[in-house]
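Here's the structure, in structure tokens; my notes come after.
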Amino acid sequence: MKHHSKVVWKEGMFIAPQHFQQQERHITQYIQKYISLTSEGRSFGVSLLEIEHNYLKLGKFSVTHCSGVFPDGTLFDCSKELLLEIPEGTINKRIFLGLPLAVEGENEYGEAAEQRRFALGNISLFDSSDESQSAIEAQVADPNIRLVIEGEDITGLALLPIARILERREDVNVVLDKSFIPTCLQYGASQLLKERIKELYILTEARAQSVVQRIGIGQQTKSDLSLMREFLWLQTLNRWIPWLHLTLEQPETRIEALYEGLLAFSGELESFKPAVVQAPKPLNRDDLKSVFGHLFSELREKLSMVQSDSVTEFSWDENLFERRRLLRLSIPNLNQMEGRRFVISVQSSMGTPALSQVFPSACTLSGLSKIADLVRNSQSGVGIHLLPVAPSELKAQADVAYFEIDSAHEYWTQLKAKREPIALHVDSRVPDLSIKLYALG
């Protein structure tokens, strides 16, 4: 475009203001184009946004300091206060930073109230090479930024959405949407994103600590396969904890880098489902709330998988075993364990072959309210089935037989519905008994 072509300077030419203006347009366009081609493409948004919340009580919206880049490539750093009166009855409206666009042939300079692209001002300039020289007065200009509310005439304006008003109440209080994310160049411009990164860092660190504890506790009971899965979880979480910490300490991180990092974290966690990661949403700078809201929800959901141990061991209450051969066990969240397998490990000096044959007929399993009648009438309880080998989640041990509980059995369904303790009666045919219950999966 010739509008951005450089000026040809020749000896003896008559110099006019238009020559310098054209040269300035050329240099500005050259820098913008160079950055766009050699970096990550066209980037815009706010890098700093300070809102004065006290004005909200007066029915106004105020920005005390903002900086960033407009969609047309204009760099800005505005330290003057911007104030906007919120009309009565305002509901669900966005607020923008607005800047008049450059239009060829039109005057770009004027007073702030004239809505020109640049607002004029005066400044005293000193000679930095000769302190004996007196200062001179010069006219300067800064981008003429103003606040615009959705619904106003925005013709000829470059816009950056920075907030959303939920409503202006009858008592003039203005309520902002706290979940709104302004169009950011650096994620630190959004208080919400800083909070979400901190929450994610704390959650990831807590999950890693939980995995470490499970590895320590499960060394004696879990199989190598189960422990390997725990080590893979720990490896993944330990890889991303430093990245989250550094990102949290560097709020000037570009929004693209944050988005790509969180996508990579989410994709790696997807491997534990297992599943192939879906194509990500494009980074829509005008709707960051939708993009990041969905991504943070996914990450929290995937990190919850770490919390559920593939092997959970329960301890029986043996107070009544010596006198009545009765073991009791209460699992408060039994109804939340749908899809998990329940396995009983039984150890006795009688040996695994004899134990495998005798134990199914020597035990009665049911809810605590039903166990007395079943034992008195010699009736069967919840079915248990012998497993030929130890489950893949558990470490195989000598003289231990493994039995899986029939979780579809009527009595098992009843005790879950009643939320009552599990009761297990074992007759005297099985001596020196050691029993454990595991939830697997």
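The values are calculated or read from the model by the stated rules, or taken from the named source; none is laboratory data. From a predicted model like this one, the values you see are computed outputs, not experimental measurements. When we count neighbours, we look across all protein chains shown, and the Cβ atoms used for this are built from the backbone with ideal geometry, even at glycine.
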Which one of 225, 244 is under 29 Å from residue 314 (Cα atoms) and either in contact with a helix residue (DSSP H, G or I) (Cβ under 7 Å, 6 or more places away or on another chain) or not assigned by TED's automatic domain parsing to the domain that holds residue 45 (or both)? 225
Report, by residue number, each residue of segment 263-316 that is closer than 28 Å to residue 180 by Cβ and free of Cβ contacts under 8 Å to residues at least 12 places away in the same chain. 264, 267, 277, 278, 279, 282, 284, 287, 290, 297, 301, 304
If I ask for residues that are assigned to a helix (DSSP H, G or I) and exposed (fewer than 13 other Cβ atoms within 10 Å of the Cβ), which ones from segment 34-55 would you list? 34, 37, 38, 53, 54
Does residue 88 qualify as being in contact with a strand residue (DSSP E or B) (Cβ under 9 Å, 6 or more places away or on another chain), surrounded by fewer than 11 Cβ atoms within 10 Å (Cβ to Cβ) and outside the structural domain of residue 253 (by TED's automatic domain parsing)? yes
Tell me yes or no: at least one residue of segment 26-33 is in contact (Cβ under 8 Å) with a residue 60 or more places away in the chain and either assigned by TED's automatic domain parsing to the domain that holds residue 142 or within 22 Å of residue 256 (Cα to Cα) (or both). no
Residue check: is residue 82 surrounded by 13 or more Cβ atoms within 10 Å (Cβ to Cβ), more than 30 Å from residue 4 (Cα to Cα) and at pLDDT 90 or above? yes
When you check residue 143 against the structure, is it modelled with pLDDT of 90 or more, under 22 Å from residue 185 (Cα atoms) and not aliphatic (A, V, I, L, M), yes or no? yes
Residue check for residue 310: within 30 Å of residue 434 (Cβ to Cβ) and at pLDDT below 95: yes
Which is surrounded by 13 or more Cβ atoms within 10 Å (Cβ to Cβ) and modelled with pLDDT under 90, of 426, 389, 430? 430
Counted residues, segment 108-139 - those being outside any loop (DSSP other than H, G, I, E, B) and surrounded by fewer than 12 Cβ atoms within 10 Å (Cβ to Cβ): 9
Return the residue satisfying two criteria in turn: it lies in segment 153-198 and is loosely packed, with under 13 Cβ neighbours inside 10 Å and among the acidic types (Asp, Glu), and of such residues it is nearest to residue 111 (Cα to Cα). 153
If you go through segment 313-349, how many residues are modelled with pLDDT under 85 and in contact with a strand residue (DSSP E or B) (Cβ under 6 Å, 6 or more places away or on another chain)? 1
Across (1) free of Cβ contacts under 8 Å to residues at least 40 places away in the same chain; (2) in contact with a Gly (Cβ under 7 Å, 6 or more places away or on another chain); (3) not polar (S, T, N, Q), residue 65 clears everything bar (2)
